[in-house]
Amino acid sequence: MSAVETPTRDRTGTAAASLAVLRIATGLLFLWAFLDKAFGLGYATPAKNAWFSGGSPTKGFLSHVAAGPFESAFHAWAGAWWADVLFMAGLLAIGVAVTLGIGLRVSAVTGTLMMLLMWAAEWPPAQHTSSGAATMSTNPLIDYHVVYALVLIVLAATASGATWGVARWWASLPVVQANSWLR
């Protein structure tokens, strides 16, 4: 047997299943964030701060941005109705689409944009906040937002919705056939 083995059907099946598990877990990560912020399940969001109880899903995070060139812009966006609606709609739509394996191209683009904005809000390159305190950033470039964005791109590029998802049904819809960017 050679040192380099050729992929077998089993390995291909294992890779597809692994990507499906990664896809579903990533989709549920976005869905959980939506549910916790919408209903205040008591994890990251207390019930009194739930979106459906009148709280703002962006105010706490964006108003505490303390580093980076976009600090004042994020402070201005904190709690704005449009920022709340876009953020929550994004979490829900990305979560549902990725979990089901549909619209992975759109999810990869919008999810990457969301993660880029969240990365910019935390601004990992900064070693100190605007007040001079240490940021505790562990890596100036790659953090979990970048990893999530890369995962979304890989899931879309590998058509991972075909395994344990409804991508084949989705692709058969006339509107999707007429607009391939919806795949």
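Every number here is computed from the coordinates shown, using simple stated rules; none is lab data. Bear in mind the structure is a predicted one, so any value in this text is a computation, not a measurement. Reconstructed Cβ throughout: ideal geometry from the backbone, glycine too, with neighbour counts over all protein chains shown.
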Note to self: Kirkwood Rh of region 34-83, Cα pairs, one decimal, Å, is 11.1 Å
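Around ALA171, with a cut-off of 14 angstrom between Cβ atoms, what is the net charge of the other residues, counting Lys and Arg +1 and Asp and Glu -1?
Surrounding charge for ALA171 is +3.
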From the phi of every residue in region 71-80, what ³J(HN,Hα) in whole Hz does the Karplus formula 6.51 cos²θ - 1.76 cosθ + 1.60 yield, where θ is phi - 60° and glycine or proline is x? 3, 5, 5, 5, 4, 5, 7, 4, x, 5
What FRET efficiency comes out for the pair TYR43/ALA76, r = Cβ-Cβ distance, R0 = 35 Å, nearest 0.05? 0.80
To the nearest 0.05, the calculated FRET efficiency linking THR12 and VAL85 through their beta-carbon distance, R0 being 45 Å, is 0.60
Across the Cα atoms of region 67-126, what radius of gyration and what greatest pairwise Cα-Cα distance (Dmax) are found, in Å? 13.1, 37
Length-normalised contact order of region 82-183 in % [C-alpha pairs under 8 Å, at least 6 apart]: 36 percent
Of the peptides 112-125, 37-50, how do they stack up when ordered by the mean number of other Cβ atoms within 10 Å, highest first? 112-125, 37-50
Could you list, bin by bin from short to long, the percent of Cα-Cα pairs of region 59-163 in 5 Å steps? 2, 13, 19, 20, 17, 14, 9, 4, 2, 0
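Per-residue ellipticity at 222 nm for the chain, helices alone: DSSP H runs ≥ 4 residues times -39500 (n - 2.57), over residue total, nearest 500 deg cm²/dmol?
Counting only the DSSP helices, I get -18500 deg cm²/dmol.
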Which FRET efficiency value, to the nearest 0.05, is calculated for LEU22 and VAL109 with the Förster distance at 25 angstrom and r the Cβ-Cβ distance? 0.85
Which of these values of semi-axes √(5λ) of the Cα gyration tensor in Å was calculated from the structure shown: [x] 34, 22, 15; [y] 23, 19, 18; [z] 30, 22, 13? [x]
